[in-house]
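For reference, the structure discussed in these notes is given below.
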Amino acid sequence: KELAIVLVGAVIVSSGLPAFVGQMFIIPSESMENTLLMGDRVVVQKISDFDRGDAVVFRDPGGWLSEPVADPGPFDRALEFIGVPTQSTPGHLIKRVIGLPGDTLECCDDNNRLTVNGYSLDESAYLYVDSDDVPINPSDVRFKVVVPADRLFVMGDHRDVSADSRCHLADLSSNGRKGEVAFVPIENVVGPAFAIAAPFDRTSRLRRPAVFDDVPDPTEPAPSRAVIEPEGVSC
């Protein structure tokens, strides 16, 4: 029954909405709770622009996924061809864009808020809330970074269980540069998630939080390499 629902949704996405090209993905973890729950099917616009605050699907920039995913079999490949996600779809993650190229991000200010270009973010609209209705900390990791050119800094909404950009600031990339892998190449982004398609009781439109509307643009061009303080910081 669930497969039939997903198939119908995929057909609608691929043939019924000609204004854009879309694809569905399965949420693989708890890192975006409670905005997105594990097992949700989200529809991603593949040719739409994105901005700070959007939840985007992207290919693993290198070593973020702790366990390798098996290559899809013929049946899975057939489903993926028509836009239906499968558990074997390899190498993709979903996080919220916090910083664009050139942005200076710091955690945290005197009110324990994440700042972007000096602007303090009120993240209450999407940050995970625990069982006592208390929002979790924006980050237990203290850092200051400047996002390099053509890269993004991303974070999950459930920060306590999200191995996002913060957790890779000390990682070595293939070229030996520390922390470079923490910033997602823009070319790796599939697109922004704009709706939950299934299960039906969670079907809803995903919107960019209004708090990001007031974030100022950076005053300096994006550097060619990331600036990370302190060096070696990680989750």
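Coordinate-derived values only; no laboratory data. For clarity, every value in this text was computed on a predicted model and none was experimentally measured. Ideal geometry is used to build each Cβ from the backbone, glycine not excepted, and the neighbour counts take in all protein chains shown.
For the pair N34 and A210, how long in nm is the line joining their label points, each one 7 Å along Cα→Cβ?
2.0
Compute the signed sum of charges (Lys and Arg +1, Asp and Glu -1) over the other residues within less than 11 Å, Cβ to Cβ, of R177.
Local charge sum for R177: 0.
Please list 96-105, 120-129 highest first by mean number of surrounding beta-carbon atoms within 10 Å per residue.
Numbers: 96-105: 21.3, 120-129: 17.8.
Ranked from most to least packed, the peptides come out as 96-105, 120-129.
Which whole-number percent gives the relative contact order of the stretch 116-209, counting Cα pairs below 8 Å spaced six or more residues apart?
For the stretch 116-209, the relative contact order is 19 percent.
Short version: ³J(HN,Hα) in whole Hz for each residue of the stretch 40-53, in order, from phi by Karplus 6.51 cos²θ - 1.76 cosθ + 1.60 (θ = phi - 60°), x for Gly and Pro, what are they?
With the stated coefficients, the stretch 40-53 comes to 4, 9, 10, 9, 10, 7, 8, 10, 9, 5, 9, 8, 3, x Hz.
Taking square-rooted eigenvalues a ≥ b ≥ c of the alpha carbon gyration tensor, is the stretch 110-235 rounded, prolate or oblate, where a/c under 1.5 means rounded and, failing that, a/b exceeding b/c means prolate?
In terms of gyration-tensor shape, prolate.
Starting from the Cα coordinates of the stretch 148-194, work out the convex hull volume and express it per residue in Å³.
Dividing the Cα hull volume of the stretch 148-194 by its residue count gives 90 Å³.
So for each of 222-231, 139-148 I average, over its residues, the number of other beta carbons within 10 Å; can you give me the resulting order with the highest mean first?
139-148, 222-231
Give the relative contact order (percent, whole number) for the stretch 140-183; include only Cα pairs under 8 Å separated by 6+ residues. Intermediate results must be reported in sequence, preceding the final value.
Working: 47 pairs, mean separation 14.0, N = 44.
Over the stretch 140-183, the number comes to 32 percent.
How do the peptides 191-203, 153-165, 209-221 rank, highest first, by the average count of neighbouring beta carbon atoms within 10 Å per residue?
Numbers: 191-203: 17.3, 153-165: 22.4, 209-221: 13.1.
Answer by packing, highest mean first, reads 153-165, 191-203, 209-221.
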